[in-house]
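The values are calculated or read from the model by the stated rules, or taken from the named source; none is laboratory data. In this text, all values refer to a predicted model and were calculated from it rather than measured experimentally. Note that each Cβ is placed from the backbone with ideal geometry, even for glycine, and that neighbours are counted across all protein chains shown. In case anyone asks, the SASA skips ligands and DNA or RNA and just uses the protein heavy atoms, side chains included. Shrake-Rupley method; radii C 1.70, N 1.55, O 1.52, S 1.80 Å.
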Amino acid sequence: MKLIDLPQLNTKRLEALSSAGIKSIGTLMHFFPRHYLDRTTVLPIRSLNGQGEEVTVVGTIKNISEIGYGRKKRLEVIIQDDSASMKGVWFKGASYMKKYFKEGELVSFFGKAKQYGRSISMAHPDVDKLSDPDEVEDIARLMPVYPGNKKFSKTGINSKLISQWMEIALRHSHPPEFLPKSILENHDFPERAKAYRMIHFPESDSEYKKALERFKFEELFLFQLSMARVKKKITEREAGAVFKKTDHYTRLFFNDHLPFELTYGQKQALGDIKKDVQSGHQMNRLLQGDVGSGKTIVAIGAILMALDNGYQAAFMAPTEILAEQHYRTLTSFLESLDINIRLLVGNQKTTLRTDILTDIEGGSGQVVVGTHAIIQDEVNFHNLGLAIIDEQHRFGVQQRAEILHKGSHPHILVMSATPIPRSLAMTVYSDLDLSIIKELPGGRKPVKTAVRPESKHSDIYQFVKDELNAGGQAYIVYPLVEESEKVDLKDATAGYEKLKSQFSNYSVGLLHGRMKSDEKDAVMKAFINNEIQILVSTTVIEVGVDVPNASIMIVEHAERFGLSQLHQLRGRIGRGTRQSYCILIYGQKVSKEAQYRLRKMAETNDGFKIAEADLKLRGPGDFLGTKQSGLPEFKVADIVEDQWILEQAKTEAWTLYDEDPELNHPEHKELQKVFFPYFKEKEYFYGMG
Ligand code: ADP
Ligand code: MG
């Protein structure tokens, strides 16, 4: 059966359906109700109490009358059953409805029963005509309400019509089951075809809930199965690089040049990495640690392992400022080891760029630190053995795939400062192994956070001055919303001018994304050397910037920032031994949600708690930075709400994959048909293409 075979379809309607993703009977059946109207209560008219209860009544039409004139005209239809009578009232479309009714007909009304004077009435009830009283059973049920849109209403597609189509579709098409029997049994799921009936025409609440659960599971199961396959493919293929030797750079650095004792988490992570790179399989690891947990030193450890074995390493950061900082950090940490580190960013001079590219291609450039400039076509590595991607959420899966194609299966270490809630990590990163640094390096004092109105500026500035006098440094951040970049830039620049006069005895610097690389670099250097005491900035400093002496973070218009962003900003301070303070200043108009965000910030320093809250507020796509995240769009499942289904799907999928990776078992025949096309679509994305 084809979509076009359905009754009451025309080109306009087909188009409307197609724009909602409905292009076949299959996709039609997968178009699920948004909610249901409970029409299961059928009552005699006499028993209604008229308090607005939603009920269905059945009666014979006794009287039809139009009352009033012009725009005030209304239609009243009186119906009667064995017990009493009541009326339905239409204020809109009175004339049209009048033609629809006939005295003596048997009808059902569904709506809110309200008492007016001595009689009960319903405004705009849903009406069905019945040919005999028993027919009420067909309509006294949970009525599906389907998601609507403009095109639907323009072409007259409503829930009733969709329902009729569904009825026909369900009768003519029998979608095959592709979940293995054992899974259906384990979870008490209805078979596919039956589940469709249960979701479109449920007999009870529990029916559609069970069916919905099944469809969510199915979606997450396929996804998890593809993750299992990706992971197996990655770990099964021969790694080009085995880093057996750790006797030169690695030993020298960790024995003689490490300025501090590593934390437990750092040691664990380095241990995990070492195991990976010596295993003969390609490493694909996510290093997760809250801001300030010291991920960079772990990255350095991995880099040195690559160098000890004669391989090159790449270190990618999401912004120039960050790339430059990493470059500086690496250079200073590794100063005495005589390693050739190159910085590759966007707008470098041609001669310099050529020199860098030659260095990389010849192999004398041992470490390349840079932005996504690294994955551009003209960059050719001599023998890339390791790629580190910092602040993963800014890059996403795509870039991971691209860097994979740069070497012969380089090891991959992804670092994320966004503490990704477990649910999300399981979906987006379930093809990665995970190392987590749970603690911050010792000697740190938790940052104190205050939320203040604009009117408190002078107090706040006094506080800043006291801190500066005591030797600290401060960030003052202005919002930069992409859509109005220019306006907000003015905010930061104007703020800068104002602050310069406010803090005339101190040195104030400005940093924003529109500045040239070398200008930015110069300002950052001055701030690091404490030649600048107050750094006025846009959110360019949001990720990763590390100046341990900075102890104050002031965020202007904090209400405009997202939770994770505020947490990132706060993570710029509290990196040294000094007590640090984060002051969130809010403006005039603060929405409820913004108030919640600010409160949450004051309440906790725990990045995981903040990420959970942020994810709830924004949803997964937004949380990870929409399209870049590579997160599949789930049609039915919600990875935040449906965590427990996700976990079950994961267990089942990975178990099944271990037992029958090619799905050759007879019981997996249908699954095989569904899964491989699904997987193919995602392949390039995961770096298999
Ligand atoms: P992030 O995880 O946010 O990238 P960084 O790697 O920038 O954190 O480290 C934050 C700061 O902590 C840096 O100044 C770094 O030198 C310092 N640091 C890292 N590890 C330790 C440690 N074990 N003990 C003391 N300080 C450390
Ligand atoms: Mg970092």
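The heavy atoms of Lys275 offer some 150 square angstrom of accessible surface to a 1.4 angstrom probe.
Compared with the alpha-carbon gap, the fully stretched path from Ile4 to Asp132 is longer by 42.8 nm at 0.36 nm per residue. When Lys and Arg each count +1 and Asp and Glu each count -1, what net charge do the other residues less than 13 Å away from Lys438, Cβ to Cβ, add up to? After counting each charged neighbour, the total is -1. With r as the distance between the Cβ atoms of Asp247 and Lys525 and R0 = 35 Å, compute the FRET efficiency 1/(1 + (r/R0)^6) and round to 0.05. The formula returns an efficiency of 0.50 here.
Gain on full extension, evaluated as 0.36 nm per residue between Thr358 and Ser507 minus their Cα-Cα distance, stands at 49.6 nm.
Across the cross-link table entries Lys72/Lys92; Lys154/Lys216; Lys72/Lys99; Lys245/Lys274; Lys72/Lys160; Lys448/Lys609, which are compared at the Cα atoms, the separations over 20 Å belong to Lys154/Lys216; Lys72/Lys160. What region 448-604 shows is 44 Å² of accessible area per residue, with the surface traced by a 1.4 Å probe over protein heavy atoms. Against the criterion of solvent-accessible heavy-atom surface with a 1.4 angstrom probe, Thr651, Thr604 sort, most first, into Thr651, Thr604. A simple charge model with +1 on the Cβ of Lys and Arg, -1 on the Cβ of Asp and Glu and nothing else charged puts the dipole of the chain at about 2140 debye relative to its Cα centre. Between the DSSP loop rule and a limit of at most 11 other Cβ atoms within 10 Å, which chymotrypsin sites (Phe, Trp or Tyr not before Pro) in region 204-299 are left? Counting only loop positions with at most 11 other Cβ atoms within 10 Å, the chymotrypsin sites (Phe, Trp or Tyr not before Pro) in region 204-299 are Phe260. Per residue of the chain, the DSSP helices (runs of n ≥ 4 H) give a summed -39500 (n - 2.57) that works out to -12500 deg cm²/dmol at 222 nm. Using a cutoff of 8 angstrom between alpha carbon atoms and counting only pairs six or more residues apart, the relative contact order for the chain works out to 13 percent. Provide the net charge surrounding Gly50, with neighbours chosen by a C-beta distance below 15 Å and charges set as Lys +1, Arg +1, Asp -1, Glu -1. With Lys, Arg at +1 and Asp, Glu at -1, the neighbours total +3.
With no solvent and one point per C-alpha, what does the Debye sum give as log10 I(q)/I(0) for the chain at q = 0.10 Å⁻¹? Taken in order of the listed q values, log10 I(q)/I(0) reads -1.03.
Surface listing: Arg578, Arg514, Arg118, Arg229 arranged by accessible area from highest to lowest gives Arg118, Arg514, Arg578, Arg229, probe 1.4 Å.
Computed with a 1.4 Å probe on the full set of protein chains, the accessible area for Glu261 sits at about 140 Å². Note on region 41-140: dipole from Cβ charges, positive end direction compared against Gly104, His124, Gly70; the farthest Cα belongs to Gly70. Annotation: Lys181 carries an accessible surface of approximately 130 Å², with a 1.4 Å probe and no ligand, DNA or RNA atoms counted. Quick one: check the C-alpha center-to-center distance for region 302-377 versus region 643-682, whole angstrom. Using only Cα atoms, the two centres lie 41 Å from each other.
Projecting the Cα atoms of His512, His248, Thr263 onto the dipole axis of the chain, where Lys and Arg carry +1 and Asp and Glu carry -1 at the beta carbon, places His512 farthest toward the positive end. The Cα center of region 43-81 and the Cα center of region 499-556 differ in position by 71 Å. Largest to smallest in accessible area, the residues Asp606, Asp247 fall in the order Asp247, Asp606 (1.4 Å probe, all protein chains included).
Counting only DSSP beta bridges with both residues in the chain, the antiparallel share comes to about 40 percent.
Per residue, region 41-140 exposes 60 Å² of solvent-accessible protein surface, assessed with a 1.4 angstrom probe and all protein chains in place. Ligands, DNA and RNA left out, the 1.4 Å accessible surface of the chain is 49% carbon and sulfur atoms. For region 249-437, averaging the sequence separation of C-alpha pairs within contact (under 8 Å, six or more residues apart) and dividing by the residue count gives a relative contact order of 33 percent.
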